Structure formats: C-alpha cells, structure tokens
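The values are calculated or read from the model by the stated rules, or taken from the named source; none is laboratory data. Note that the coordinates shown come from a computational prediction; the quantities given were computed from them, not determined experimentally. Virtual Cβ from ideal backbone geometry, glycine too; neighbours counted across all protein chains shown. Side chains included, ligands, DNA and RNA excluded: accessible areas come from the protein's heavy atoms. Shrake-Rupley method; radii C 1.70, N 1.55, O 1.52, S 1.80 Å.
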Amino acid sequence: MPEHRTGPEVSPPAAPAARVVVAGALLRGGRLLAARRSAPAALAGGWELPGGKVEPDELPEQALVRELREELGVLVRPLRRLPGAWPIRAGLVLHVWTVELLAGEPEPLEDHSEVRWLEPAEVPLLAWLPQDVEPVRLLLAELGAP
Ligand code: C5P
C-alpha cells in the first residue's frame, strides 16, 4: 500500500458568513399575512413575508420583533423557525419564523404598499419574491392546503 503523507492541514479560506434576513409568517384563522414591497424600486410590487436584516448585536428573534413593529406596527412573539435557509443574493440569506400576533393590526408603515391576509387558495396566486416561494410553500403545506 502506498503511504500517504498528509502535510499540515490547510483549510480553504472560509467564506464570510452570510448576513441573515429574518421574515415572519403571521397566521390567523388559517390565513397567512403577505406584504407587498414598495421599496427599493427593484423589488416594488413583489410580495414577501415581512422582515429584514438581523443587526450584528441582535438575536434573530429580537430582529423579528423589531422589524415587524417598524414595518407593520404590530407586536409579535417568535414561535419557531422553519427548517431551511434560502439565498437572497450574495452574502444574504433568508430564515423564516412563524410568529404569533400579540397586539395591533398589521398596516404597511415602511417599505410596503399593502398587506393582505390570504386564504390558502390565494397564496399561490401572488407574485412572491423568488426566495420566499419555497418557505411559503412549506407554510401552505402546514396549513393543510391541497
Ligand atoms: O427589508 P430589508 O430591506 O431589510 O430586507 C433585506 C433584503 O431581504 C431585501 O433585499 C429584501 O428583498 C429581502 N427579503 C426577502 N424576503 C423577505 C424579506 C426580505 O427576500 N421575506
């Protein structure tokens, strides 16, 4: 058997960790909340689960509470992260959590032109941002949609 000599371990340069964007799935009475982006221009008109970037000094749960307060004027409690992570663009990855609405009625206060509570049958009809399509599909499956 040839002898294999291994030199000192040389690791490939580590890719910088992607910044996490957290988005919240608000469910009420079997309906899912969707928010339509108004900004930036490149995303305007697309539907998403509301959320935003986790700041360096924040836990994802804290970022969710902050983002949904800023964007929708509601108080939420993060419940559970969906399995999976969806690339948004280089250096940015989407994580999705189910959240409970504790107080307030969602309104499009920042970066959105509209919010809508969707019946399961309506969910596939919207133009979702590409990275939101798969987590939304998972949520629909959990809602027991056909
Ligand atoms: O809301 P904010 O601008 O902080 O979001 C950062 C990025 O994450 C944006 O490019 C936005 O399009 C993306 N995003 C997404 N899906 C979501 C929430 C945010 O792709 N559900």
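Take ARG89 and decide whether it is under 12 Å from the mean Cα position of the chain (by Cα) and without any contact (Cβ under 8 Å) to a residue 60 or more places away in the chain. When the stated conditions are applied, ARG89 does not pass them. Could you say which residue among VAL74, VAL20, VAL54 is in contact with a Pro (Cβ under 7 Å, 6 or more places away or on another chain) and more than 14 Å from VAL96 (Cα to Cα)? Checking each option against the conditions leaves just VAL74.
Scanning the range 118-131 turns up one or more residues that are under 27 Å from ALA15 (Cβ atoms), under 11 Å from the mean Cα position of the chain (by Cα), open to solvent by less than 30 Å² (accessible area, probe 1.4 Å) and within 10 Å of the ligand (Cβ to nearest atom).
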